[in-house]
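The values are calculated or read from the model by the stated rules, or taken from the named source; none is laboratory data. Every value quoted in this text rests on a predicted model; they were computed, and no experiment measured them. Neighbour counts are summed over all protein chains in view; Cβ atoms, including those assigned to glycine, are modelled from backbone coordinates with ideal geometry.
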Amino acid sequence: MKTHNDCTAKYPLSLRILHWVIGIMMIGMLIVGFVMADYVQPPLKYTLFDMHKATGLTIFGLTLARIALRLVASTPPLPSTVAWYERVLAKSTYLALYGVMLAFPISGYVMSSAGGYPISWFGMINVPLFIAKNPELSHTAKELHETFGYVLAVLILLHFAGFLKHLFIDKENLLKRMW
């Protein structure tokens, strides 16, 4: 039987803020990444690449902060009405999201560094390129980076589909926990 507290216990404010900020930034980055790679011409393309790299670094830092907070913060359990297989799917999706949120910017760094392309955080901090120029490695990292984009898009859709399933089928507004 559903209890009122199952859906009303909230995540800590810091995790809620990071969830929405990172989520919105990642969706924006996916859109810009897909568009700039194929449909934008220089010089705007180079400006977008620089902004994309800086924003990717920001997301990476925020993701590290989110993971650290997640490890120490008390978080509400899933409602008791959530079936065991849904719990497994939810945990698997979260772990995959965290993995991609880390691997995505790392692949971007390797692609740029091995390609010999500078990385700057909004023109304020130049990021050292620790990988020697290596076109083959850069190409491989580019392929991985593009693949992570598609994987991330699918994971975000799966995450959203889970929310919609709980809202419309189970009649549980889990958004209250993260809003």
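Scan the range 95-105 for residues that are in contact with a helix residue (DSSP H, G or I) (Cβ under 8 Å, 6 or more places away or on another chain) and without any contact (Cβ under 8 Å) to a residue 40 or more places away in the chain and jot them down. Before the answer, list the steps.
As a first pass, look at the range 95-105 and keep what is in contact with a helix residue (DSSP H, G or I) (Cβ under 8 Å, 6 or more places away or on another chain): 96-98, 100-105.
Within the range 95-105, just TYR98 meets the criteria.
Evaluate the range 152-173: report whether one residue or more is in contact with a strand residue (DSSP E or B) (Cβ under 8 Å, 6 or more places away or on another chain), modelled with pLDDT of 95 or more, surrounded by 15 or more Cβ atoms within 10 Å (Cβ to Cβ) and under 30 Å from THR47 (Cβ atoms).
Initial filter on the range 152-173 (in contact with a strand residue (DSSP E or B) (Cβ under 8 Å, 6 or more places away or on another chain)): none.
Within the range 152-173, not a single residue is in contact with a strand residue (DSSP E or B) (Cβ under 8 Å, 6 or more places away or on another chain), modelled with pLDDT of 95 or more, surrounded by 15 or more Cβ atoms within 10 Å (Cβ to Cβ) and under 30 Å from THR47 (Cβ atoms).
Can you tell me how many residues within the range 91-128 are surrounded by 17 or more Cβ atoms within 10 Å (Cβ to Cβ) and over 18 Å from ILE27 (Cα atoms)?
Residues that pass the stated criteria total 8.
Which one of the conditions (1) over 30 Å from ASN134 (Cα atoms); (2) surrounded by 13 or more Cβ atoms within 10 Å (Cβ to Cβ) does PRO77 fail to meet, given that it meets all the rest?
Here PRO77 clears every test but (2).
Which of the following residues is more than 19 Å from the chain's Cα centre (by Cα), part of a helix (DSSP H, G or I) and of a type outside the set (D, E, K, R): THR47, THR93, THR55, THR63? Quick ask: steps written out before the conclusion?
On the way: THR93 fails: more than 19 Å from the chain's Cα centre (by Cα); THR55 fails: more than 19 Å from the chain's Cα centre (by Cα); THR63 fails: more than 19 Å from the chain's Cα centre (by Cα).
From the options THR47, THR93, THR55, THR63, the qualifying one is THR47.
Looking at THR140 and the list (1) loosely packed, with under 12 Cβ neighbours inside 10 Å; (2) part of a helix (DSSP H, G or I), which single condition is not satisfied?
Single failed check for THR140: (1).
So the check is Cβ under 8 Å with 6+ separation or different chains; which pairs have a first residue in the range 30-42 that's outside any helix (DSSP H, G or I) and a second one that's surrounded by 10 or more Cβ atoms within 10 Å (Cβ to Cβ)?
VAL40/LEU48
Restricting the search to the range 119-134, which residues are on the phi > 0 side of the Ramachandran plot and polar (S, T, N, Q)? It would help to see each step written out before you state the result.
First pass over the range 119-134, keeping only residues on the phi > 0 side of the Ramachandran plot: 122-123.
If the condition is that a residue be on the phi > 0 side of the Ramachandran plot and polar (S, T, N, Q), then no residue fits.
Name the residues in the range 6-26 that are assigned to a helix (DSSP H, G or I) and either surrounded by fewer than 13 Cβ atoms within 10 Å (Cβ to Cβ) or at pLDDT below 95 (or both), would you?
ASP6, CYS7, THR8, LEU13, TRP20, ILE24
Do we find that LEU89 is under 25 Å from HIS139 (Cβ atoms), hydrophobic (A, V, I, L, M, F, W, C) and in contact (Cβ under 8 Å) with a residue 24 or more places away in the chain in this structure?
Numbers: under 25 Å from HIS139 (Cβ atoms): no; hydrophobic (A, V, I, L, M, F, W, C): yes; in contact (Cβ under 8 Å) with a residue 24 or more places away in the chain: yes.
In short, no.
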